[in-house]
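The values are calculated or read from the model by the stated rules, or taken from the named source; none is laboratory data. Since the structure is predicted, the reported quantities are computational estimates derived from the model, not experimental observations. When we count neighbours, we look across all protein chains shown, and the Cβ atoms used for this are built from the backbone with ideal geometry, even at glycine.
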Amino acid sequence: KAGVTQTPRYLIKTRGQQVTLSCSPISGHRSVSWYQQTPGQGLQFLFEYFSETQRNKGNFPGRFSGRQFSNSRSEMNVSTLELGDSALYLCASTLAGGPIDEQYFGPGTRLTVT
Amino acid sequence: SQQGEEDPQALSIQEGENATMNCSYKTSINNLQWYRQNSGRGLVHLILIRSNEREKHSGRLRVTLDTSKKSSSLLITASRAADTASYFCASRGSGNTGKLIFGQGTTLQVKP
């Protein structure tokens, strides 16, 4: 089975711009979650989508949004980029999020905002 | 903060020695998972332990879970230089959810 894939792997954007990141989960997995990793804050949960609906949301401003398509692929969008949005963005997929469902991560998208 | 805690923050050992990392979490869970991360890359899934399990083994890894103390430990036996990485625990709350709450991680250095 192919793993979780994320595109692009690297991005450089300017303050004020917007960006869209993509995540393709493992085949058959219906839940996709997004995380932001920074040296200062560590790994923080952004949101989770399950069957095209947002199931959970972290404490991030509304500039961060996402969606999930019928094939379970997910995108996240960050509008009006700020310098502090520079981070490694990781997505993870799991079957449904039950007690025995392992969660697998993609390689991440490293976003640099200048 | 909802984040869990891990200790030690950094650990340096010689090849062949055992490494133990501890993790605490704050809310009730349905499972806890451990991950490895090499140099800011993606997270590699190591092991999952369910809330009704107390101990689990996988190769050189041994994980324990104490739900009464809301804590878990990861033991790597006979460590190798290739085990050098950051290790994170991540707790998943009750019910069906993909939301993981991560600890701050332990950076392990294994010297050849």
query: Restricting the search to region B:39-60, which residues are more than 22 Å from A:Thr94 (Cα to Cα) and not in a loop (DSSP other than H, G, I, E, B)?
result: B:Glu55
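Taking B:Ser86, is it surrounded by 16 or more Cβ atoms within 10 Å (Cβ to Cβ), within 14 Å of chain A (Cβ to nearest Cβ) and either assigned to a strand (DSSP E or B) or not hydroxyl-bearing (Ser, Thr, Tyr) (or both)?
Against the criterion (surrounded by 16 or more Cβ atoms within 10 Å (Cβ to Cβ), within 14 Å of chain A (Cβ to nearest Cβ) and either assigned to a strand (DSSP E or B) or not hydroxyl-bearing (Ser, Thr, Tyr) (or both)), B:Ser86 qualifies.
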task: Identify, from the list B:Ser51, B:Ser94, B:Ser71, the residue that is over 27 Å from A:Gln6 (Cβ atoms) and surrounded by 17 or more Cβ atoms within 10 Å (Cβ to Cβ).
output: B:Ser71
message: Name the residue that is nearest to the chain's Cα centre (by Cα), counting only residues in region B:94-111 that are at the interface with chain A (Cβ under 9 Å from one of its Cβ atoms) and in a strand (DSSP E or B).
response: B:Phe102
Which numbered condition A:Leu81 misses (of (1) in a loop (DSSP other than H, G, I, E, B); (2) modelled with pLDDT of 95 or more; (3) within 12 Å of chain B (Cβ to nearest Cβ)): (3)
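To keep it simple, each residue is scored yes or no on (1) within 30 Å of B:Ile49 (Cβ to Cβ); (2) among the small types (Gly, Ala, Ser); (3) within 14 Å of chain B (Cβ to nearest Cβ).
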{"site": "A:Pro61", "(1), (2), (3)": "no, no, no"}
{"site": "A:Ala87", "(1), (2), (3)": "yes, yes, yes"}
{"site": "A:Pro99", "(1), (2), (3)": "yes, no, yes"}
{"site": "A:Tyr104", "(1), (2), (3)": "yes, no, yes"}
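Among the candidates B:Gly4, B:Gly98, B:Gly59, B:Gly103, single out the residue that is touching a Gly at 6+ places or on another chain (Cβ under 8 Å), free of Cβ contacts under 8 Å to residues at least 60 places away in the same chain and not acidic (Asp, Glu).
Of B:Gly4, B:Gly98, B:Gly59, B:Gly103, the one residue that is touching a Gly at 6+ places or on another chain (Cβ under 8 Å), free of Cβ contacts under 8 Å to residues at least 60 places away in the same chain and not acidic (Asp, Glu) is B:Gly98.
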